[in-house]
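As structure tokens, the structure follows; a few thoughts come after it.
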Amino acid sequence: MRLTFPIAVACGFLLAATYAGAQTTGAATASPPISDSIRTLVGRLNLESYKATLRGLQRFGDRRQGTSRNRAAVDWIEAQLKSYGCTNTERITYQFLGRQVQNDSTRRVDSLARAAQGLPPLPSRGTGPTGPRFTTDANGVRYDRQGNIIKGNVGPTGVNMNPLLQPDTALRRIDMEPDTPGERQEVYCTKIGTGHPNEMYIVSGHMDGHGYGAALNDDGSGTALVMELARVFNSPDVTTDRSIRFILWNNEETGLNGARAYVAQRASLQGIENPKGSGKYPEPKWLGMIQHDMMMWDHGMPEPDGKVSPVQRREADVNIEFAGTSKFADEAQKLAWFFRRSNDRYATDYPAAVGDRMSNTDSDPFKDLCPAISLRENERLAQTGTGWNPTWHQPIDVYSTFSDPDFRLGLNAAQTTLSAVAQLAGARLR
Ligand SMILES: [Zn+2]
């Protein structure tokens, strides 16, 4: 694939330099020897710290966007990042005018607001997608509504919209407030590179959730991972040659609106020194974007009756996906294989697999602007999309549903990203 605009050219060149020896096919290639300093950094991650961060997030319920529990979670995450030494926190501010929770009272409020602006009343609420969930062609091949081929058993999916299905009454109370249209914020902080502060890797997850649980796996698990990496990379004895930005997106569940706002506000600022001569780069050039979304549950395919095993399968792995149809497919693929080789060397328990169908998460708005990948517990379309995770957007997405083999899969994804980004950004221990 040929690169056609200046940012892309620079991005591709730097990646080529960084992945010396990498092949686009993913064939086995010589890899650098295991590094003691990277092993030391990876060793600063641990299961208990990851679990403690998850318990911290659980206190804010499902962190639905546009609610006070969501704003309190953003404040808490920011305070945690600062306490880890990532003190230069900043926020993106944007407007989100849609509604996740629609009921008689929110429709009345919205209709009054529309009438005040001279707009017609809202149409009555639709019933969602109609028609069968899967169709079968003349050859017996099964497709979902988006035209993806589906194989094997499927389980139910969907978003729980009934707060009364949350049996924990304290959690139900926390999750009760509906979202209100208006201003939104999301937080990030940056480890500034000592040699190339004008270039960076983005390490991210989304902190909002829904479903009237605690959004613990979707996406507390990715949020806690990003926070843990911010903690390790901001240890006082760590320097990096290039910058790393840790971002906790809001409004992922409403259509990636937080990530889209970031791209809209900041893509054009990349690599610009401001003020001139200061050596400061408010938006370092994007060398790669690494998203983490649903990290812990890999219990296998549903049984024929749609039920999923309550225990982690022995073949559990970290799924690294790039978008095979994106402008940066070649570079993103190299990045994905580089992550897999890092997993080989530095992750303790679970292997990684690479796929080409990155979808439905905050890396999507970046995929045609720089190399972008996602790390997940399962493939998003073929597995998550066919019901492999029964906690997804449900009241059971709470801490007590998960056990150490689940938490450990999230930790192994953290080890994978930490070791890969440490190499790419040129991390050093003093
Ligand atoms: Zn998610």
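The values are calculated or read from the model by the stated rules, or taken from the named source; none is laboratory data. Note that the coordinates shown come from a computational prediction; the quantities given were computed from them, not determined experimentally. FYI the Cβ positions are ideal-geometry reconstructions off the backbone, even for glycines, and counts take in every protein chain you see.
Miscellaneous remarks
- Given (1) away from the ligand (no atom under 16 Å from the Cβ); (2) closer than 22 Å to residue 415 by Cβ; (3) crowded, with 19+ Cβ neighbours inside 10 Å, index of the condition residue 314 fails: (3)
- Under the condition of being within 16 Å of the ligand (Cβ to nearest atom) and of a type in the set (Asp, Glu), the residues counted in region 225-262 number 2.
- Of the criteria (1) out of contact with any Cys (no Cβ under 7 Å at 6 or more places or on another chain); (2) away from the ligand (no atom under 16 Å from the Cβ), which one residue 222 fails: (2)
- Residue within region 195-204 that is within 14 Å of the chain's Cα centre (by Cα) and within 13 Å of the ligand (Cβ to nearest atom) present: yes
- If you go through region 393-430 and keep only what is more than 30 Å from residue 163 (Cβ to Cβ) and either among the charged types (D, E, K, R) or assigned to a loop (DSSP other than H, G, I, E, B) (or both), you end up with 408, 426, 428, 430.
- Residue selected from region 352-372 under the condition within 16 Å of the ligand (Cβ to nearest atom) and in a loop (DSSP other than H, G, I, E, B), by the criterion nearest to residue 417 (Cα to Cα): 363
- Of all residue pairs spaced 6 or more apart or on separate chains, those with beta-carbon atoms under 9 Å, a first member in region 315-337 that is under 18 Å from residue 362 (Cα atoms) and a second member that is of a type in the set (Asp, Glu) and not in a loop (DSSP other than H, G, I, E, B) are 322/331; 323/364; 326/364; 336/321.
- Residue count for region 278-311, restricted to those that are touching a residue at least 12 places away in the same chain (Cβ under 8 Å) and more than 16 Å from the ligand (Cβ to nearest atom): 20
- Any hit, region 380-392, residues being of a type outside the set (S, T, N, Q), crowded, with 21+ Cβ neighbours inside 10 Å and out of contact with any strand residue (DSSP E or B) (no Cβ under 7 Å at 6 or more places or on another chain): yes
- Qualifying residue in region 348-356 (condition: under 14 Å from the mean Cα position of the chain (by Cα) and within 20 Å of residue 217 (Cβ to Cβ)): no
- Residue 207 being of a type in the set (A, V, I, L, M), away from the ligand (no atom under 13 Å from the Cβ) and surrounded by 24 or more Cβ atoms within 10 Å (Cβ to Cβ): no
- Matching residues, region 258-309, being closer than 30 Å to residue 398 by Cα, surrounded by fewer than 16 Cβ atoms within 10 Å (Cβ to Cβ) and of a type in the set (Lys, Arg): 307
- Conditions (1) surrounded by fewer than 17 Cβ atoms within 10 Å (Cβ to Cβ); (2) of a type in the set (Lys, Arg); (3) at pLDDT 95 or above; (4) closer than 28 Å to residue 376 by Cα: number failed by residue 173: (4)
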